[in-house]
Every structure is written in C-alpha cells, then in structure tokens.
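Take a look at the structure set out below.
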Amino acid sequence: MEPDDRLPPAWPSRLASLIAVAALALALVAGWRAGLFGPLPLLDPEAQPHVVAARGELAGDESSTIALFQAAAPAVANIRTTELRRNPWSRRVVESPQGQGSGFVWDQRGYVVTNFHVIRGASSAYVSFADSREFEARLVGSDPSADLAVLKIDGAGALPALPLGESDGLAVGQKVYAIGNPFGLDHTLTTGVISGLGREILGVAGNPIRGVIQTDAAINPGNSGGPLLDSAGRLIGVNTAIQSSTGHNGGIGFAVPVDTVNRIAPEIVRTGPPPRAAPCITMRDDQIAAAHRIGARVVSQVLARAPPARRGLHPPPGAADGRTYLGDVIVSVAGQRVRRQQGPLNALGGTPPGDQGGLVVLRDRTEVGLEGGLGHGGGAKT
C-alpha cells in the first residue's frame, strides 16, 4: 500500500489563526479601556455642560400668540366618539372607538359646539378638556346642512367660553389661529392667514355650504369642530374640512363662518334641530361687486325652486358683447339690513319656513320691495 502524500486540509489552521487574531484584538481594546496604553484621545474627563445663554424678552408677536393660546385653550374640547358593535365570536354588543374631533364651549352651562360629521353615526360622545376632565355628552341637536352640532355636558361647573367675533367683516390676509386635536394630539395650535372668503364646499348632507372661510393654518384629521380665532382671540369660524389629495394638510383648509354658527347654535339650544329654509340664491363674488362700488350684495343666480319673493329677484342679464351687467342688489331681508356678500345668505338661511317677511332690493337705482313667502315651504327638520 503506497503512502498517502496528500496535504492536510488548510481550514483548521486558518481558523486557529483567526481566533488568535481576534483574541489579540480584544486584549488590546480591553487594555486600552483599562488605561494600560494611555487615555483615549477622544475623551475629555473634565467636560462640563455649557453655560446657558439668556433668552431675553420674547418678540411681541410671540407673546401675543402665547397669551391667545393660554386664554383660549381651556374652552377647547377633545371629542371622542364610540359606536356599538357586535362581537362576531361572543355575539355580545360592545362599545368600540369610532373617531375623534374637536369642539369648543359655547356657553358656561355646558353646551359644546362641534361639526356634525364628528358625531355622525356615534352611539356615545365623550368631551374632555385641557385639565384632563372628561364628561359623557348628550346630543342637543344638529344641522347637517351647515355641518354643525351642539352637545351638552353636565357636572363640569362653570366653563370658560370663547368670545365671539364676526365673519362678515373679515379680510384676506388677516392672521388666524386654529386650536384642535389633530391625530389625537390634544390642544395643538397652528397659525396662518385668511386665504380666501366666500368659498363654497360640499357638506356632509350633500348640500353646498356657502360663505366658508379659507385658511392656510394647518388643519388635519382631528381638527374638525375646533375653533378658528382672529388675532384678538375671538371665534370667527369652525374648522370643518380640508382640500387635499392625501387626506392631510395641504395648506387649504375651510371653516364655517361664525355668523352662521351664531345663528344656528342658539336655535338648536332653544328648539333642537332647526327647520331650515333653503337660500335658493347665489351671490356674486365680492371682488366683482366691489369693482362696481356697490358693496357685495349682488344676486348672481336664482334657483328654480325658490319661493315667489326670491323668484322675483333679477340676476344679471347676459350680454353678447361680453360686458358685465349688475342684477338686483339686496338691501334688506325681513327688515334686516345686509352689507356684504354673505349677509343675504345668512339672513335667508335663518328664515323659518313660512315666514312672511320681505326683501328690499336696489334695482336700476330704485329700491323695490318684494313681499311674502321668504321661507321655503318645504323646510323640514334634519
């Protein structure tokens, strides 16, 4: 039998070499950390915290924003809703989270205003405040046509309510402040300006909501129902919707104007869900009307379903040469003088069905009265 002259495999010797090198490296690191080879060059045993620089006074606008938030935050509520669901395995009915939104104290008796879509379809609603107190709320009433609802809580004591402003005198460029609970982050403040006025959005009831305020203050899911404030801390709108392809803030948010809220909320508190008379007219844009130096009360369109008095309104006639003609200029509704674009819509929207008040319009420089039938006879509670 011939001797085997093949070489032994090399991997055992290579493995032994690797183990020896690793052991040497570990020993060197351990010795270095133990100080056997001198201190580490990147460390400084005498390192201390830096001296904090004095902040100085806050800028004027910072101080006013902080004061505005601190004054308004106690009146802003976080609203979470639940619904009853049947467990498919046990067949038991359980209360499950449905959604969340924002709201604000309407008055000290415990009435809270929010969006209708925040509480839509909920079986229960819970209202909590900045002091961590939470209360179960009862639904007083809602008006889906304006996307508004009023809740009532008991046992909270006297609650701070927001001071009311007016939306009829707002101007594009004014600073605004939104407080709400986006993504469940309670009492979040965002700032911006009024980007547009007199906008129209589609409400949850499928109807257009007119006279809406547009803002670039960040509004995200959870902000709905929260207040939009002016720089004096007054309520000027209720944050309601955004325009976005992603469902998150894209710089275009909308708020129901406070003049609408101040008309509908007391009505709900007094009588529950209000019967609503459809405005049945649309108004010409503020800028177009202002160019003619007559304010912003010009009728743009009269719908076919309008009651007799409103059907008597004259919208601007068309012209083949492209020139712009004015239609009727609304002066007053049921004795109430109107000034700007949304004045007539607010007044008409607040007219109960069957109200026999009248319209006064300026037509060819002459005031003309249109009497009777302001309300929409088909109005119904929603």
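The values are calculated or read from the model by the stated rules, or taken from the named source; none is laboratory data. Nothing here was measured: the structure is a model prediction, and the numbers come from that model. Glycine gets a Cβ as well: all are built from the backbone with ideal geometry, and neighbour counts include every protein chain shown. SASA here: full protein model, heavy atoms, side chains in, ligands and nucleic acids out. Shrake-Rupley method; radii C 1.70, N 1.55, O 1.52, S 1.80 Å.
Looking at the range 61-150, the trypsin sites (Lys or Arg not before Pro) that sit in a DSSP loop and have at most 10 other Cβ atoms within 10 Å of their own Cβ are R91, R92.
For the pair E166 and T366 in one chain, pulling the backbone fully straight at 0.36 nm per residue adds 69.0 nm over the alpha carbon distance. Protein heavy-atom accessible surface, 1.4 Å probe, per residue over the range 68-209: 47 Å². Packing order of peptides 191-198, 71-78, 147-154, highest average first: 147-154, 71-78, 191-198 (average count of other Cβ atoms within 10 Å over each peptide's residues). Spacing of the modelled spin labels on V51 and S96, each 7 Å from Cα toward Cβ, amounts to 6.2 nm.
Sparse packing (at most 14 other Cβ atoms within 10 Å of the Cβ) combined with a DSSP loop state is found for the following GluC sites (Glu not before Pro) in the range 122-172: E166.
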